[in-house]
1. How many residues are aliphatic (A, V, I, L, M) and closer than 22 Å to His161 by Cα if we restrict to region 244-269?
2. Check region 319-333 and report whether any residue there is farther than 27 Å from Pro239 by Cα and either in contact with a helix residue (DSSP H, G or I) (Cβ under 8 Å, 6 or more places away or on another chain) or assigned to a helix (DSSP H, G or I) (or both).
3. Among the candidates Phe321, Phe365, which residue alone is open to solvent by less than 10 Å² (accessible area, probe 1.4 Å) and of a type in the set (Phe, Trp, Tyr)?
4. Across region 642-699, what is the total count of residues that are touching a strand residue (DSSP E or B) at 6+ places or on another chain (Cβ under 7 Å) and either of a type in the set (Lys, Arg) or not in a loop (DSSP other than H, G, I, E, B) (or both)?
5. Taking region 26-53 only, how many residues are over 18 Å from Thr106 (Cα atoms), over 34 Å from the mean Cα position of the chain (by Cα) and buried (at least 23 other Cβ atoms within 10 Å of the Cβ)?
6. Among the residues of region 187-199, are any part of a loop (DSSP other than H, G, I, E, B), touching a helix residue (DSSP H, G or I) at 6+ places or on another chain (Cβ under 9 Å) and over 30 Å from Ser517 (Cα atoms)?
7. Between residues in region 422-446 that are under 12 Å from Thr578 (Cβ atoms) and residues that are charged (D, E, K, R) and buried (at least 19 other Cβ atoms within 10 Å of the Cβ), which pairs lie under 6 Å by C-beta distance while being six or more apart or on different chains?
Amino acid sequence: MRQGNIPMQAGRPWPLGASFDGEGVNFAIFSEHATRLVLCLFDPVGQEILNVPLPECDGHVWHGYVPGLRPGQLYGFRAHGPYRPDHGHRFNPHKLLMDPYAKRLTGHPVWHDALYGFTRGDPKEDLSMDVRDSAPYMPRSVVEDPSFSWNPRPKPNTSLHRSVIYETHVKGQTALHPRIQRRGTFLGLSEAPMLDHLTKLGVTAVELLPVQAFLDDHFLVDRGLSNYWGYMTWGFFAPDPRYLAHGEIAEFQEMVSRLHGAGIEVLLDVVYNHTAEGDQNGPTLMFRGLDNASYYRLQSNPRFYNNDAGTGNTLNLDHPFVMRLVLDSLRYWVEVMHVDGFRFDLASVLGRDRTGQFSTDAAFFKALRADPVLSRVKLIAEPWDIGADGYQLGQYPAPFAEWNDGFRDDLRAFWRGDSGLSSQLAERIAGSAPAFDHNARAASSSINFICAHDGFTLTDVVSYAQKHNEANCENNQDGHAHNISDNCGVEGPTEETHVLAKRAQRRRNLMASLLLSQGTPMILAGDEVGNSQLGNNNAYCQDNPIGWIDWSQADWAFFDFCRKAIAFRAAHPILRQTRFLHAKARLVDGKPDLFWRRFDGALMQDEDWNDPELRLVVAELRMASGTPEYRPREGAVVLALNAGTETRIALPRPPNGLQWERSFDTSADPVHDSGTVRRVIAASIAAFTLTALPAATQP
């Protein structure tokens, strides 16, 4: 290996990362506490051929320019400085470090003790120092030119209140699909059969589980498992290599272009609360070796890390260069990769200051709201973490939307038959206004879901009373025990006809409840075709048929039901409003925008809501008070959600020339009736809309 014999020039401290300008490459990397930063260059087979110190440091940004380098050049860094974990510093020049701004990585680390900055097994633990070279076990950063010829068609730009989000996994969506050629890749996700499936279903956006470069935890590899979900990010700019069919980042851009061409937005589930380096016993891959004391939040004893995410460390967004890293990453995915928004994993971590307190005025939230690029894309928070006061549902500032687990829990419990839930159900149908109707937030702020990647699938919610996570090799101790599920009489698979019928009915009710409620619905991929994970509610490590969608067992009848439910929502603006319904009089006609009715048509009273045996909720919905005149309008929609026995409900008298039509019903057999008194089958939902009377019956 040669040292220093290249025509290194001073270059610039911006932009951070490796930037090709047509004639060479500028390298710029932040480290406040390093004493020297060395650029390492590698040949095409990954052998280190040269290293040279970056010649300049301005404002803690080390930089240099190498004429003649081209895209495709492999590189990394070595950082010199104090190795004093007790002071928060873990510099170790024997460890090859990835570029935090790398646009592509050649692969993933190969677990070996040389990846650790300390000597594993040493009595001094992480206070010891390991001097083995980690380069043989590390991937390389790659110089990239991310330019791409985009489809001239505009992005979909679907407003949130019109959105139906589909949470999916790049590999799990395609791994078992018989008509996909490049399974498990970005390109496979955007092949014609998958685009056809998504457009027929009617979803408007895919929300991808983490696709930024992540690694497989050491303990999982030791068990013969892997980090399937991907919540161990270590490359905030680079698509994970496992999803690239040919190793080119243009494959991600091509996927986005194809999805946009089909009218489908792309949202990314992103992890900026922690990194894959773990706690003091973790490897030295990037941030720890570049400047541990700057990149991470450390405890009063700086040898140890804050752990608000439960994964060993917490990124230090109080530091301006760490905040800049995150914001630069987000802008890159919007401006260069053309994604349409983000779901922030454990977002409460991002709202904590150096004292550990959560604030809606946190610097990160302010930065996003003020940013001219990021403030115009979809921003969705997972509104909790494991720290003190971590559950912050409803507390995020606009324009954030939030995952609403309260919706999930109340809807599951109501349809399971739990008592005393009618008032909670009503609250959820109306958009969870007590949580979200403040500070000018929209009624679409609640991201409603019945199932997500973390937990049971919809089929498993109605098929298992207990979790079955034995395949995770943790003695079934992992995963949430509070599933609010029910097996309908038999645990797991069965051929008993009455059990299958009950499960099918409950699935229809749960899916319909999701799509008939105010807020923004999110569907878990595979739920529309009855996918099961065999009762595993924590399939984070199951990169195998447990975690993949089994298309060979697809329930296409249920797919057709879901498609019709989504189409019904799309056809009725009343079901997807931006303003909350509060039974306020409307200027257009003086009538309230919401009525809660008893079975006999009378308005609900307090004693009705307090009846623990009430299993019927009837809502008469109208366009919300204050809805602008330019918005699409319709007369009314009546929803009847009946978790009890068959009943008859009295509908309000329709306006002259109109009649009530049963427009949607979840019961297995069609119901044919007319007039203002209608049947609602046991354990079913019926929706009624106003239509014109036939000409012969007009008054």
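The values are calculated or read from the model by the stated rules, or taken from the named source; none is laboratory data. A quick note: this is a predicted structure, and the numbers were derived from the prediction, not measured. Neighbour counts are summed over all protein chains in view; Cβ atoms, including those assigned to glycine, are modelled from backbone coordinates with ideal geometry. Ligands, DNA and RNA are stripped out before the accessible areas are found, and what is left, the full protein with its side chains, is counted by its heavy atoms. Shrake-Rupley method; radii C 1.70, N 1.55, O 1.52, S 1.80 Å.
1. 7
2. Quick first cut of region 319-333, residues farther than 27 Å from Pro239 by Cα only: none.
Scanning region 319-333 turns up no residue that is farther than 27 Å from Pro239 by Cα and either in contact with a helix residue (DSSP H, G or I) (Cβ under 8 Å, 6 or more places away or on another chain) or assigned to a helix (DSSP H, G or I) (or both).
3. Values: Phe321 fails: open to solvent by less than 10 Å² (accessible area, probe 1.4 Å).
Of the residues listed, the single one that is open to solvent by less than 10 Å² (accessible area, probe 1.4 Å) and of a type in the set (Phe, Trp, Tyr) is Phe365.
4. Qualifying residue count for the region: 26.
5. So the count comes out to 2.
6. Of region 187-199, the ones part of a loop (DSSP other than H, G, I, E, B) are 190-191.
Retained after the next criterion (residues that are touching a helix residue (DSSP H, G or I) at 6+ places or on another chain (Cβ under 9 Å)): 190-191.
When the remaining residues are screened for being over 30 Å from Ser517 (Cα atoms), the result is 191.
Yes; the residues of region 187-199 include at least one that is part of a loop (DSSP other than H, G, I, E, B), touching a helix residue (DSSP H, G or I) at 6+ places or on another chain (Cβ under 9 Å) and over 30 Å from Ser517 (Cα atoms).
7. Ala443/Arg579
Conditions (1) basic (Lys, Arg); (2) not in a loop (DSSP other than H, G, I, E, B), marked per residue:
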site	(1), (2)
Glu491	no, no
Glu495	no, no
Val499	no, yes
Lys502	yes, yes
Arg508	yes, yes
Ser513	no, yes
Gln518	no, no
Ile523	no, yes
Glu528	no, yes
